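S.K.: First the structure, which I've put down as structure tokens, then a few questions once you've had a look.
The values are calculated or read from the model by the stated rules, or taken from the named source; none is laboratory data. As the structure is a prediction and not an experimental result, all values here were calculated from the model. Note that each Cβ is placed from the backbone with ideal geometry, even for glycine, and that neighbours are counted across all protein chains shown. Protein only, heavy atoms only, side chains kept; ligands, DNA and RNA dropped before computing areas. Shrake-Rupley method; radii C 1.70, N 1.55, O 1.52, S 1.80 Å.
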Amino acid sequence: MKFMLNGALTIGTMDGANVEMAEEAGEENFFIFGMRVEDVEKLDQRGYNAQEYYDRIPELRQIIEQLSSGFFSPKQPDLFKDIVNMLMHHDRFKVFADYEDYIKCQEKVSALYKVRDPGPRVVRALVALVGMRQKVEILPAE
């Protein structure tokens, strides 16, 4: 949230604090990607299988293979083994299901960042939100 004071472009899923921030500052001031509650419920009914995404998305498969092979940690090739295992077999957050939408959303953020400043309207909305949240956090409980 503190990055908003500098006009940072905020990207995230619609959960947790992002829900509150989007409600206060306006969803149009955020880059939201991924499943919404109803999408997650549908996926839960069908059953989430990370292997399906791994098999279907070559870029995602390459990332997992690089993590598994020690590409990023040649001196400790098993360094990311637990992360890969969690993503492939125990991912309650369904990270792979949001991957393609994240890439598309990040491309929009990158394009806006390259072309222009997000504009004073976005910055004002986000700064106001941070100020509102800070005020709430310092008020004594009744």
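S.K.: Please work out if LYS42 is at pLDDT below 95, out of contact with any strand residue (DSSP E or B) (no Cβ under 6 Å at 6 or more places or on another chain) and assigned to a helix (DSSP H, G or I).
M.R.: no
S.K.: Here is a follow-up. For region 14-25, enumerate the residues that are surrounded by fewer than 17 Cβ atoms within 10 Å (Cβ to Cβ) and at pLDDT below 75.
M.R.: Matches in region 14-25: GLU24 only.
S.K.: Name the residue that is surrounded by the most Cβ atoms within 10 Å (Cβ to Cβ), counting only residues in region 61-119 that are among the hydroxyl-bearing types (Ser, Thr, Tyr) and closer than 26 Å to THR10 by Cβ.
M.R.: TYR99
S.K.: Given (1) at pLDDT below 95; (2) exposed (fewer than 10 other Cβ atoms within 10 Å of the Cβ), identify the lone condition not met by GLY47.
M.R.: The one condition GLY47 does not meet is (1).
S.K.: Does MET35 qualify as being open to solvent by less than 100 Å² (accessible area, probe 1.4 Å), more than 19 Å from MET86 (Cα to Cα), among the hydrophobic types (A, V, I, L, M, F, W, C) and in contact with an Asp or Glu (Cβ under 8 Å, 6 or more places away or on another chain)? I'd like the intermediate steps shown before the answer.
M.R.: Numbers: open to solvent by less than 100 Å² (accessible area, probe 1.4 Å): yes; more than 19 Å from MET86 (Cα to Cα): yes; among the hydrophobic types (A, V, I, L, M, F, W, C): yes; in contact with an Asp or Glu (Cβ under 8 Å, 6 or more places away or on another chain): yes.
It is true that MET35 is open to solvent by less than 100 Å² (accessible area, probe 1.4 Å), more than 19 Å from MET86 (Cα to Cα), among the hydrophobic types (A, V, I, L, M, F, W, C) and in contact with an Asp or Glu (Cβ under 8 Å, 6 or more places away or on another chain).
S.K.: Go through region 21-39 and count every residue that is in contact (Cβ under 8 Å) with a residue 60 or more places away in the chain and assigned to a helix (DSSP H, G or I).
M.R.: So the count comes out to 4.
S.K.: Take ASN29 and decide whether it is open to solvent by less than 90 Å² (accessible area, probe 1.4 Å), polar (S, T, N, Q) and farther than 30 Å from TYR113 by Cβ.
M.R.: no
S.K.: In region 86-110, how many are farther than 21 Å from PRO58 by Cβ, assigned to a helix (DSSP H, G or I) and without any contact (Cβ under 8 Å) to a residue 40 or more places away in the chain?
M.R.: Going through region 86-110 one residue at a time, the tally reaches 1.
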